[in-house]
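Please read the structure below before turning to the comments.
The values are calculated or read from the model by the stated rules, or taken from the named source; none is laboratory data. Just so we're clear, the structure is a prediction, and the values are computed from it rather than from any experiment. Don't worry about glycine lacking a Cβ; one is built from the backbone with ideal geometry, like all the others, and counts go over all protein chains shown. Ligands, DNA and RNA are stripped out before the accessible areas are found, and what is left, the full protein with its side chains, is counted by its heavy atoms. Shrake-Rupley method; radii C 1.70, N 1.55, O 1.52, S 1.80 Å.
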Amino acid sequence: MSQTKTNKRQGSFALPIAIMFALFFMIAFVTGYQNPLGDVIKSMSADNAVMSQLGTFCNFIAYAIMGYPAGKILQNKGYRFTALAAVSVGFAGVAITYFSGMISDNGTALAVYMFGALVAGFSMCMLNTVVNPMLNSLGKDEKQGNQLLMFGGSCNSVGATLAPVIVGGLIGGSASSIASANPVFYMAMGIFAVAFIVLFCSKLPEDPDLGKPKAAIKAMDAFKFRNFTFGVLAIFCYMGIEIGVSNWTYQDLSTTIGSIGAGAVCGMFWLFMLVGRLLGGVVGGKVSSKAMLVFVSGLAIVLLALGILLPTSKMAFFGFDSNNLSFTSVEIPVNSIFFVLVGLCTSVMWGAIFNLSVQGLGKYTSVASGIFMVMVCGGGIWTIVQGALANNVGIVNSFWLVVCFAAYLLLYAIVLSKPVSSLPEEKEVLYEGGRKAEI
């Protein structure tokens, strides 16, 4: 569809834009409710810390399975078909999780729960593949497209903020059944159902070349760009920071102040991510991605080290009371405050890494985006690895693994992100600042 035609029909896209915002919210909410549900799974598994991360693991390992197929579906079938399929799969995943709460045998219930989390993860991967380019295409121009993405990211942060707060409050401190979170599942399935109906009845802009034969692009050729190769590893490590800090801070606090207080405090991690994204949007046009990543990676290392080394004596901190929908004061260990503040750093890491990784890729950018989506599986893999460490050295000391991730991001920003290609047909490479140089 041409830009002119899109502009003329812009008014008809108000409702789909709202639905995309709702889906951005649901991506974070459905992913985020696995964290407080981890307390229930832990209690069903003889208090094994690793078992508390089963839902998160299944959610994110789904990206490794579905990332590439989702990109191919989008390429061959378009936004509308892929979005409808994603919403349908999401409804099924939440429904399976709901039914797992009806099973009395713990072993069977856990197996069904894991399958539901995996199916929901397929949906989250497909939705992530759709919502970003779709929102961008729904804008009247490039600037409005970016603005819509920023608002969508903010909705994502709101969903991530509310998930541990609402679900933590619903399941309480002594829940031992997945069914205790049934109201959340009802809400999620309801939104998915409404989203399907609206998307089915809506007309969405599609790629004008949809359905036409396309020249084959070898995915492996993208790895001949050094900045992309090391950037893929950077995204893999970034997921270990975002999910590792949020999940394991929650698990640490739930043992000291209970799941309700832990949910209230860890909701602030995602609120800080929202604040960081808004600030990043303001300064993003003035500060390079490299400088931004250097700053937030260095700051994350400092905050994480303080969180590990400072005492666990308690002090007042602010959380969010889901019952009264208001901020409240919570007594938490001093070191946990610094873990929560890492949300300010993770807020802009993804965008900065992506921008640095795709510089100079040209026609390989789309295939690179699909590979990036696969690497989101790091959120599931690393949280299990950190859980194994937590079982042996304690939760707080397990955060040294996250420090290593932040250190790699700092190294990537300073040294490894320089765009260099080994492809013989690439005669020039775009360096930061717009200067081109021969390879």
Worksheet entry | Mean-position separation - Cα centroids, segment 346-400 and segment 303-317, in angstrom | 25 Å
Worksheet item: For the residue pair PHE295 and ILE197, what label-to-label distance in nm results when each label sits 7 Å from Cα along the Cα-to-beta-carbon direction?
Response: 4.6 nm
Worksheet item: What's the extension gain from GLU206 to THR108 if we count 0.36 nm per residue and subtract their Cα-Cα distance?
Response: 31.0 nm
Worksheet item: R0 = 51 Å: FRET efficiency of LYS218 with VAL302, Cβ-based, nearest 0.05?
Response: 0.80
Fill in: Accessible-area ranking of ILE19, ILE191, largest first, probe 1.4 Å
ILE191, ILE19
Worksheet item: Can you pick out the pairs among LYS77/LYS363; LYS72/LYS418; LYS72/LYS363; LYS72/LYS290 whose Cα atoms lie more than 25 Å from each other?
Response: LYS72/LYS418; LYS72/LYS290
Practice prompt. Would you please put 299-307, 379-387 in order of how densely packed they are, using the mean number of other Cβ atoms within 10 angstrom per residue and starting with the highest?
Written response: 379-387, 299-307
Worksheet entry | Radius 12 Å from Cβ of ALA86, net charge of other residues (Lys, Arg +1; Asp, Glu -1) | +2
Response to the item:
Note: MET187 to ALA18 extended length (0.36 nm per residue) minus current alpha-carbon separation gives 59.1 nm
